[in-house]
Amino acid sequence: MTSLNSPFLTSSALLSPPALFFDGVTYSHEEKVLLGPCSFTLDGIGPTLVMGPNGAGKSLLLRLAHGLLSPTEGRVTWSDNRTPRQAMVFQQPVLLRRSAVANLIHALSVNNVPYRQRAKLAFNGLERFGLGAYAKTPARVLSGGQQQRLALARAWVLSPQVLFLDEPTSALDPAAIKAVEAAVREFHQRGTRIVMTTHDIHQARRLAGDVLFLSGGKVREHTPAEAFFDTPASREARAFITGELVE
Amino acid sequence: MENNAFYVALSLLLNFDAPLYQIVALSLQVSLLAVLIAALLGFPLGAAVALWRFRGRGGVIVVLNALMGLPPVVAGLVVYLLLSRAGPLGEWGLLFTPSAMVIAQVVLVLPILAALSRQKVEEMLGEYREQFVSLGMSRARMMPTLLWDARFALLTVLLAGFGRASAEVGAVMMVGGNIEGVTRVMTTSIVLETGKGNLPLALGLGIVLLTLVMLINAGAYLVGEFSRRRTG
């Protein structure tokens, strides 16, 4: 692990991650309620794994938390009433039609990082995620695993206080999954709040500090990981863990 | 007779016949400048229509698409009316100058560049939007990113615009006047020389024009192939 000597990078690590509040949040589309109403608080150290069957509303919950969507009803707020620096890694990484390093430089430029610092931060980010040799390679000809690592590197150089990950490993092979999980742990150790969806129970066991379990658009339980896997409180979670098909 | 004319045309080309190359040079100057101006206006316009939602947006798109097929003589007529002595821009004294031809070609090419770049940018935006919002980008900040990422597609669009500009005859004939040594370009000379029966020169110019169109299309094809391999 190299340490990056930049004021831009160290600032977030010193602060405890911001807490996220969902207050009666509902999301509807064409009169149909897709999520909620749900109320919960993410103020533990995490990582928070959002679990549940397909169509439970996991991605929707992430997009509402990140601000990509606005709730139909209710409010999404952060501690101190300040929206923290945040980033999101998608299931399918969305990369610009440019070189790997240009993708990171673009993200830094969008976030008003001074011009002279961009290249150094970008190369450091690539190195950290094992992409140093691919700096000049067009991002879209990288392999799936490399693309996802590049998306993580892009999030990393922005040093977010909160990182959302939406099924980041569902299209990857085991080696690439391992690399992504290692990266998630690094973010966590840096003091970034992690909120990640997965449908893979084993992955959740490896990563989770707490679990937010959804089914049918409702939060069924929000408990520490151990408690969730050993003694799930809700009927839906019990069924999910034991491998029954949950609707 | 035709074979004979073809032979003379080739010898004009190969001997770098001065009047012929002057005509070719002016044609290229006018069309390249027109396409450059149209790109500077049309690409941001297309990207803006793709990015912003406003009242009448659908109408703007329909008009741009329709203007892609604007008959050159109509464009010529409009520019003629604007630039003629009695017209609103008559003071500029531009009628029957190369500048007037540039303006007429900009009018013809701009809708093509704007409408096609609107399409390309909108497709790309659909793919990038969530990531852009996640990065906290404003629409104004998205515009240069999208235009740059669509660069290969836009280069093809540019070539389409140049093809239209250089092959068109009606508009430049009306506003340029086909004045020898001043506003005579390839297409207008072909019309004139054919009418006069000077087939070798007409044919020579025809060959140059055809070659140019071929080169443009080959360029468009190569750019497309290159970008597919390069950016996936």
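Readers should treat all values here as calculations from the given coordinates under stated rules, not as data from a laboratory. A quick note: this is a predicted structure, and the numbers were derived from the prediction, not measured. Counting neighbours? That spans all protein chains shown, and the Cβs are built from the backbone with ideal geometry, glycine included.
If the cut-off is a Cα-Cα distance under 24 Å, which lysines reach A:Lys136, setting aside same-chain residues fewer than 8 apart in sequence?
A:Lys120
Once the Cα atoms of helix A:115-128 and of chain A are each reduced to a long axis, what angle between those two axes, in degrees from 0 to 90 to the nearest 10, is obtained?
60
If eta is 0.890 mPa s and T is 25 °C, what Stokes-Einstein diffusion coefficient results for the stretch A:97-159, Kirkwood Rh from Cα pairs, in µm²/s? Before the final figure, lay out each step's value.
Numbers: Rh = 11.1 Å.
Translational D for this selection: 221 µm²/s.
For helix A:174-189, report the angle its Cα long axis makes with the longest principal axis of the Cα atoms of chain A; keep it between 0 and 90° and round to the nearest 10°.
Once rounded, one gets 90 degrees.
Per residue of the stretch A:158-163, what does 6.51 cos²θ - 1.76 cosθ + 1.60 with θ = phi - 60° give for ³J(HN,Hα)? Whole Hz please, x for Gly and Pro, Karplus curve as stated.
7, 5, x, 7, 9, 10
Hand me the trypsin sites (Lys or Arg not before Pro) from the stretch B:1-96 located in a DSSP loop with no more than 15 other Cβ atoms within 10 Å, in residue order please.
Passing both the DSSP loop test and the Cβ count: B:Arg53, B:Arg55, B:Arg85.
Quick one: net charge of A:Thr197's neighbours, Cβ under 11 Å, K/R +1, D/E -1? If you can, show how the numbers build up before the last one.
Working: positive: A:Lys58, A:Arg63; negative: A:Asp166, A:Glu167, A:Asp200.
Net local charge, A:Thr197 excluded: -1.
Once you order the gyration tensor axes a ≥ b ≥ c over the Cα atoms, which shape class does the stretch B:164-232 get: rounded for a/c under 1.5, otherwise prolate or oblate by comparing a/b with b/c?
Working: a/c = 4.39, a/b = 2.32, b/c = 1.90.
In terms of gyration-tensor shape, prolate.
Using a 10 Å cut-off around each Cβ, can you sort B:Asp17, A:Asp80 from fewest to most neighbouring Cβ atoms? Show your work: numbers first, answer last.
Values: B:Asp17 17, A:Asp80 9.
Arranged by neighbour count, lowest to highest, B:Asp17, A:Asp80 become A:Asp80, B:Asp17.
Would you please give the FRET efficiency between A:Arg235 and B:Glu127, computed as 1/(1 + (r/R0)^6) with r the Cβ-Cβ distance and R0 = 41 Å, to the nearest 0.05? Walk me through the numbers before you get to the answer.
Numbers: r = 40 Å, r/R0 = 0.98.
Using R0 = 41 Å, I get an efficiency of 0.55.
Rounded if a/c is under 1.5, else prolate if a/b is larger than b/c, else oblate: which is the stretch B:77-135, with a ≥ b ≥ c the root eigenvalues of its Cα gyration tensor?
Judged from the Cα gyration tensor, the stretch B:77-135 comes out prolate (a/c at least 1.5, a/b above b/c).
Could you go through the stretch A:79-90 in sequence order and give the Karplus-derived ³J(HN,Hα) for each residue, using 6.51 cos²θ - 1.76 cosθ + 1.60 with θ = phi - 60°, rounded to whole Hz, and x for Gly and Pro?
4, 6, 6, 10, 6, x, 5, 9, 9, 9, 10, 9
Given the stretch B:1-115, report the % of alpha carbon pairs whose separation exceeds 16 Å. Please list the in-between numbers first.
Working: 4596 of 6555 pairs.
Of all Cα-Cα distances in the stretch B:1-115, 70 percent exceed 16 Å.
Per the helix-only calculation at 222 nm, which mean residue ellipticity applies to chain B, given -39500 (n - 2.57) for every DSSP H run of n ≥ 4 and division by its residues, nearest 500 deg cm²/dmol?
My calculation for chain B gives -27500 deg cm²/dmol from helical runs alone.
I need to check one value: relative contact order of chain A, counting alpha carbon pairs closer than 8 Å and at least 6 residues apart, in percent.
Worked out over chain A, it gives 28 percent.
In nm², what is the average projected area of the convex hull enclosing the Cα atoms of the protein assembly as shown? Mind showing how you got there, number by number?
Numbers: hull surface 121.6 nm².
For the protein assembly as shown, averaging the hull's shadow over all directions gives 30.4 nm².
With the cut-off at 27 Å, report for the stretch B:2-231 the share of all Cα pairs above it, as a whole percent. Show your work: numbers first, answer last.
On the way: 11359 of 26335 pairs.
Counting pairs separated by more than 27 Å, the tail of P(r) holds 43 percent.
Can you tally the net charge around A:Gly74? Count Lys and Arg as +1, Asp and Glu as -1, for every other residue whose Cβ sits under 15 Å from the Cβ of A:Gly74. Provide the component values of the computation, followed by the final result.
Values: positive: A:Arg63, A:Arg75, A:Lys218; negative: A:Asp23, A:Glu73.
Its environment carries a net charge of +1.
Picking from B:Ile179, B:Tyr128, B:Leu215, whose Cα lies most toward the positive end of the charge dipole for the stretch B:2-231 (charges on Cβ: Lys, Arg +1; Asp, Glu -1)?
The listed residue farthest towards the positive side: B:Tyr128.
Which residues' amide hydrogens lie under 5 Å from the amide hydrogen of A:Lys218, considering only partners 5 or more residues apart or on another chain, with H built in the peptide plane?
A:Gly36
Going by C-beta contacts inside 10 Å, put A:Thr41, B:Thr183, A:Thr192, A:Thr223 in order with the fewest on the left. Display every interim value, and only then the final one.
On the way: A:Thr41 13, B:Thr183 21, A:Thr192 26, A:Thr223 18.
Listed from fewest to most nearby Cβ atoms, that is A:Thr41, A:Thr223, B:Thr183, A:Thr192.
Which order do the peptides A:55-61, A:73-79 take when ranked by the mean count of other beta-carbon atoms within 10 Å per residue, highest first? Before the final figure, lay out each step's value.
Numbers: A:55-61: 22.6, A:73-79: 15.3.
Highest to lowest by the protection proxy: A:55-61, A:73-79.
Run lengths n ≥ 4 of DSSP H only: what is the helix-derived mean residue ellipticity at 222 nm for chain A, with -39500 (n - 2.57) per run over all residues, to the nearest 500? If you can, show how the numbers build up before the last one.
Numbers: 9 runs with 92 residues, N = 247.
-11000 deg cm²/dmol, from helical runs alone.
Taking every pair of Cα atoms in chain A, average 1/r, invert it to obtain the Kirkwood radius, and report Rg/Rh to two decimals.
0.97
For A:Thr223, enumerate residues with amide H under 5 Å from its amide H, sequence gap 5+ or separate chain, H modeled in the peptide plane.
Counting only residues 5 or more places away or on other chains, the set is A:Val211, A:Phe213.
B:Val74 to A:Glu186: FRET efficiency via 1/(1 + (r/R0)^6), r the Cβ-Cβ distance, R0 56 Å, to the nearest 0.05? Walk me through the intermediate numbers first.
Numbers: r = 64 Å, r/R0 = 1.13.
The calculated FRET efficiency here is 0.30.
I need the helices of chain B that pass two filters: whole DSSP H segments spanning 27 Å or more by Cα along the axis, and mean Kyte-Doolittle score no lower than -0.5. Provide the component values of the computation, followed by the final result.
Values: long enough: B:18-51 (49 Å, 1.97); B:98-134 (48 Å, 0.60); B:199-231 (47 Å, 1.17).
Helix filter hits for chain B: B:18-51, B:98-134, B:199-231.
Could you rank the peptides A:133-140, A:165-172 by their average count of other C-beta atoms within 10 Å per residue, with the highest value first? The partial results should precede the final answer.
Working: A:133-140: 16.5, A:165-172: 21.0.
Ranked by mean Cβ neighbours within 10 Å, highest first: A:165-172, A:133-140.
Quick query: amide H of A:Met88 versus all other amide H atoms, modeled in the peptide plane; which residues come in under 5 Å with a sequence gap of 5 or more or a different chain?
Those qualifying (amide H under 5 Å, at least 5 residues apart or on another chain) are A:Phe164.
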